[in-house]
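**Q** Handing you this structure, nothing more for now.
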Amino acid sequence: MDIVIYIYNGLTALDAVGPYEVLSRLPNANVKFVAKEKGVIVTDTHFLKLVAENDISEIDKADILVVPGSVVGFIREAKDKALLSWIAKINLTSTWTTSVCSGSIILAAAGLLKDKKATSHWGAIHLLKEYGSIPTSERYVQEDKIITAQGVSAGIDMSLYLASQIVGIEKAKAYQLFIEYDPKPPFDSGNVTQADVATVELAKKILGKEAKKDLSLWDIVKNVQSLIKLKRGK
């Protein structure tokens, strides 16, 4: 079973790693981390790095496609016509196409969510309307073979649900026990509809700071890549 997880600079790590921890347990799982170019991918915090061993030109099919989200990088991805074309092509071959967090905006930009219900991170969910999707605040949403999940940690919930559709509820429950996913958060503020106003406002400020930090990274990466090309005479 080919499980393709698309990764890109600025992605939120748990958006990719959460589903990986569940889906990699599936029978005959063959997980591939794929990017536009092979190599090191820098996550949104800048501390953690992932490695893409394949680029999108090398992958033309998948049983499961996972598209993670990010603080701001998803906006760049959603404007990349070559990437969107690749996602649409992989979707034609997939049994399941999934997203976590603002990854649903990328799926929507690829034309996969028009007139379909979908969810996303609370900070980005309004953008789904721009692509003709129907936003919903459910933890995860299935429309035919496409499953979208809310922000970050919701990718684990989505993946456990997907596992139950593939191997049955009992095995999916065993996967959940294996990773000891038994969330009991210390605060009742994990959903924008439950958090108080002060918490929501503080979260928005933090999100804004993270976005600025993320944007500064792209300037650095762009300049470094330009310098490398210059040294190579390209």
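Bear in mind that the values in this text are calculations on the coordinates, not laboratory data. As the structure is a prediction and not an experimental result, all values here were calculated from the model. We place every Cβ from the backbone using ideal geometry, glycine too, and count neighbours over all the protein chains shown.
**Q** Through the Karplus equation 6.51 cos²θ - 1.76 cosθ + 1.60, θ set to phi - 60°, convert the phi angles of region 100-108 into ³J(HN,Hα) values in whole Hz; use x for Gly and Pro.
**A** My calculation for region 100-108 gives 10, 6, 6, x, 5, 5, 5, 4, 5 Hz in order.
**Q** Relative contact order (percent) for the chain, with alpha-carbon contacts under 8 angstrom and 6 or more residues of separation?
**A** 17
**Q** Can I ask one more? For the chain, what is the Kirkwood hydrodynamic radius in Å, using each pair of distinct C-alpha atoms?
**A** Radius from the Kirkwood sum: 18.1 Å.
**Q** Between Lys145 and Lys205, 0.36 nm times their residue separation minus their Cα-Cα distance comes to what?
**A** The Lys145-Lys205 span can extend by a further 18.0 nm.
**Q** Divide, for region 4-58, the radius of gyration over alpha carbons by 2.2 N^0.38 Å, where N is the residue count.
**A** Taking N as the residue count of region 4-58, the ratio is 1.10.
**Q** Any of Lys114/Lys173; Lys32/Lys79; Lys61/Lys117; Lys49/Lys114; Lys38/Lys116 with alpha carbons more than 27 Å apart? Name them for me.
**A** Cα-Cα > 27 Å for Lys114/Lys173; Lys49/Lys114; Lys38/Lys116; rest within.
**Q** Can you work out the PRE-style zone for Ser137? Point 7 Å along Cα to Cβ, and I want the residues of region 154-192 with backbone N under 11 Å.
**A** 191-192
**Q** Shape of region 105-212 from its Cα gyration tensor (a ≥ b ≥ c, root eigenvalues): rounded if a/c is under 1.5, otherwise prolate when a/b > b/c, or oblate?
**A** oblate
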